[in-house]
2 protein chains.
Amino acid sequence: MVESKTRREAIEEGRSLLQKLGFNGFSFQDIANRIGIKKPSLYAHFASKEELGLEMIAHYRHDFERWAEKHKNDPIIDQIEGLFRIFSKFARDQNKFCPLTVLSAEFQTLPISMRKALTDMTRFQEAWLVDLIQKGIRAGHFRTDLDPLQTAHIIQSLGFGVQHLARLHQDTDRILSMQAQIRNLLEVRP
Amino acid sequence: MVESKTRREAIEEGRSLLQKLGFNGFSFQDIANRIGIKKPSLYAHFASKEELGLEMIAHYRHDFERWAEKHKNDPIIDQIEGLFRIFSKFARDQNKFCPLTVLSAEFQTLPISMRKALTDMTRFQEAWLVDLIQKGIRAGHFRTDLDPLQTAHIIQSLGFGVQHLARLHQDTDRILSMQAQIRNLLEVRP
DNA sequence: GGCTACCTTCCTACCGATAGGTAGTCTATG
DNA sequence: CATAGACTACCTATCGGTAGGAAGGTAGCC
């Protein structure tokens, strides 16, 4: 068996706790309680909390890559806005954050290996955005004076930041309302 | 004496640690070590870590209000961009975050009283932005089709989010480069 | 089939470090 | 002589992690 049931459940519960409380906001004890085993049993599946953390990042990266692949032929603006729909879905589910957002907030207290995995995936998402923006410009849908990298930074910053403000003010609508702003930023004005 | 030297030093060191590591990232022990006293002595000045947290928020709010007052007659766009200069200054000083940004990331694990103080100050900053945007529109410097509240949300989200990404990628320039985007968003196009 | 050896996964019990916080005391200053 | 502010000593809870053993399945071998 490639992946045991317990291991899968631990990663799932871990991700849920991670997205709600942060990596330093939950313990192995919490996970053990939720999946109904004792804490030391988790060490049969993960050598350390750091290893679980790396698994959770890989897990989310896998999800995101599959999602991107599935929507790669959708209209470009829909794909970009899809990122905000994902954030909105997380937020409506018990005030969760996107894993990248919550982990980047704890960056300074994370093990080095997790910092790297996090930075790598954020770069991956940035490259995904840059590619879409370039395609949109070439197709004549987006303004030709956009700097694709700079624009990707703006979209990522908006996405990270709006999640914090939405939770702070209990206003999940705010996340989706950023979509109009993104369109306004990207699309050619008539 | 309204405020003792030790108390002042504790708040200062606490704020520095807060902005670097988050509220859950430092302990009373850390503060005590840095200011050269023993941990229990801090309880002569703060009844709890929560009380210190509230003091630190009040401290930052006081700083911000004084800063806003000092610059209230500057050109409007300079005032708004000033927010990003503040963030940039924090980031270049040992990867610090603005206190509101770092605390909002830990929102779910914060005592209720601190959540309220944080939400209140974020609203205050939002109102400050809304006021400036309205003034800019009335003065003919900004586009007339802007929704001031919505625009303030965009600026705040950009500010919060860009700090995370700047630290993640060790790229403090990214914070200041948002200024051009803000101008582009606000100012009338020729 | 029956035996041994091993691996996985769970358990109880425990470790040292650290967290926030308390009790009681000493000492300098007003 | 009271108070503020420092101290030593200690509390309970929790953290990440380890030691050692029991239960169950499996693989190789006679």
Scanning segment B:94-149 residue by residue, those among the charged types (D, E, K, R), in contact (Cβ under 8 Å) with a residue 24 or more places away in the chain and more than 13 Å from chain A (Cβ to nearest Cβ) turn out to be B:LYS135
Can you tell me which condition A:LYS96 does not meet? The list is (1) at pLDDT below 95; (2) buried (at least 18 other Cβ atoms within 10 Å of the Cβ); (3) among the basic types (Lys, Arg), and all the others hold. (1)
For segment B:69-115, how many residues meet the condition of being in a helix (DSSP H, G or I) and within 15 Å of the chain's Cα centre (by Cα)? 24
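Residue-wise test of (1) within 29 Å of B:VAL188 (Cα to Cα); (2) more than 12 Å from DNA strand C (Cβ to nearest atom).
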{"position": "B:ALA44", "(1), (2)": "no, no"}
{"position": "B:GLU51", "(1), (2)": "no, no"}
{"position": "B:HIS59", "(1), (2)": "no, yes"}
{"position": "B:GLU65", "(1), (2)": "yes, yes"}
{"position": "B:HIS71", "(1), (2)": "yes, yes"}
{"position": "B:ASP74", "(1), (2)": "yes, yes"}
{"position": "B:ILE80", "(1), (2)": "yes, yes"}
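Touching a Ser or Thr at 6+ places or on another chain (Cβ under 7 Å), of a type in the set (S, T, N, Q), away from DNA strand D (no atom under 16 Å from the Cβ) and at pLDDT 95 or above, is that true of A:SER157?
No: the conditions fail for A:SER157.
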Considering segment B:170-181, residues that are of a type in the set (A, V, I, L, M) and surrounded by 20 or more Cβ atoms within 10 Å (Cβ to Cβ), and then whichever is nearest to the other protein chains (Cβ to nearest Cβ), we arrive at B:MET178
Being touching a residue at least 12 places away in the same chain (Cβ under 8 Å) and outside any helix (DSSP H, G or I) is the filter; apply it to segment B:41-65 and report the residue that is farthest from B:ARG123 (Cα to Cα). B:HIS45
Please work out which residue is nearest to the other protein chains (Cβ to nearest Cβ), limiting yourself to segment A:5-23 and to residues that are surrounded by fewer than 18 Cβ atoms within 10 Å (Cβ to Cβ) and of a type in the set (S, T, N, Q). A:SER16
Within segment B:41-53, can you find the residues that are away from DNA strand D (no atom under 11 Å from the Cβ) and of a type outside the set (D, E, K, R)? B:ALA47, B:SER48, B:LEU52, B:GLY53
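Which members of segment A:24-40 meet the condition of being assigned to a loop (DSSP other than H, G, I, E, B) and either away from DNA strand D (no atom under 14 Å from the Cβ) or away from chain B (no Cβ under 14 Å) (or both)?
Scanning segment A:24-40 gives A:GLY36, A:ILE37, A:LYS38.
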Go through (1) modelled with pLDDT under 95; (2) exposed (fewer than 15 other Cβ atoms within 10 Å of the Cβ) and name the single condition B:ASN73 misses. (1)
Does segment A:56-77 hold any residues that are touching a helix residue (DSSP H, G or I) at 6+ places or on another chain (Cβ under 9 Å) and acidic (Asp, Glu), and which are they? A:GLU65, A:ASP74
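Just checking, which of B:ALA127, B:ALA91 is of a type in the set (A, V, I, L, M), closer than 23 Å to A:GLY159 by Cα and surrounded by fewer than 17 Cβ atoms within 10 Å (Cβ to Cβ)?
B:ALA127
Across segment B:151-168, what is the number of residues that are facing chain A (nearest Cβ under 7 Å) and hydroxyl-bearing (Ser, Thr, Tyr)?
Residues in segment B:151-168 being facing chain A (nearest Cβ under 7 Å) and hydroxyl-bearing (Ser, Thr, Tyr): 1 in total.
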Which of the residues belonging to segment B:165-190 are in a helix (DSSP H, G or I) and over 24 Å from A:ARG143 (Cβ atoms)? B:ALA166, B:ARG167, B:LEU168
Flag if A:ARG167 is charged (D, E, K, R), farther than 15 Å from A:ILE77 by Cβ and either surrounded by 23 or more Cβ atoms within 10 Å (Cβ to Cβ) or without any contact (Cβ under 8 Å) to a residue 40 or more places away in the chain (or both): no
The correct count of residues that are in a helix (DSSP H, G or I) and surrounded by fewer than 20 Cβ atoms within 10 Å (Cβ to Cβ) in segment A:138-164 is 4
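The values are calculated or read from the model by the stated rules, or taken from the named source; none is laboratory data. The model shown is predicted, which means the values in this text are computed figures rather than measured ones. Using ideal geometry, Cβ is built from the backbone for each residue, glycine included, and neighbour counts are taken over all protein chains shown.
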